[in-house]
1. Which of 75, 37, 80 comes first, and how do the rest follow, when ranked by fewest Cβ neighbours within 10 Å?
2. Please arrange 16, 81 by counting, for each residue, the other beta carbons lying within 10 Å of its beta carbon, fewest first.
3. Where the centroid of each part is defined by its Cα atoms, how far is segment 25-64 from segment 65-87 in Å?
4. Using 0.36 nm per residue of separation minus the Cα-Cα distance, give me the extension gain between residue 41 and residue 53 in nm, one decimal.
């Protein structure tokens, strides 16, 4: 009886991990292209500008950033998907 219960618990946890992995995989497929472009766009000039604005404004710009980051991410994602569909980049 105990082995059966342990077996059911293990199967439940394995199935749960599989479902979690599948959900994570779906999210990575959806946000992957935008995330890659967003990370590739972070160059030295961007980091220096961020450091300077952080030194100037401190923590007063956190709320606008929290509001704008999801919007900027969606725009970046739409741009990447549009480029994938049209097979054209920024240069074309």
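The numbers here are math on the coordinates, done by the rules we state, and not lab data. Just so you know, these numbers come straight off a predicted model, no measurement behind them. Cβ: placed from backbone, ideal geometry, glycine included. Neighbour counts: every protein chain shown.
1. Details: 75 11, 37 14, 80 17.
Fewest-to-most Cβ neighbours within 10 Å comes out as 75, 37, 80.
2. If I rank by nearby Cβ atoms, fewest first, I get 16, 81.
3. Between the Cα centres of segment 25-64 and segment 65-87 lies a distance of 13 Å.
4. Details: separation 12, 0.36 × 12 = 4.32 nm, distance 1.79 nm.
So the extension gain works out to 2.5 nm.
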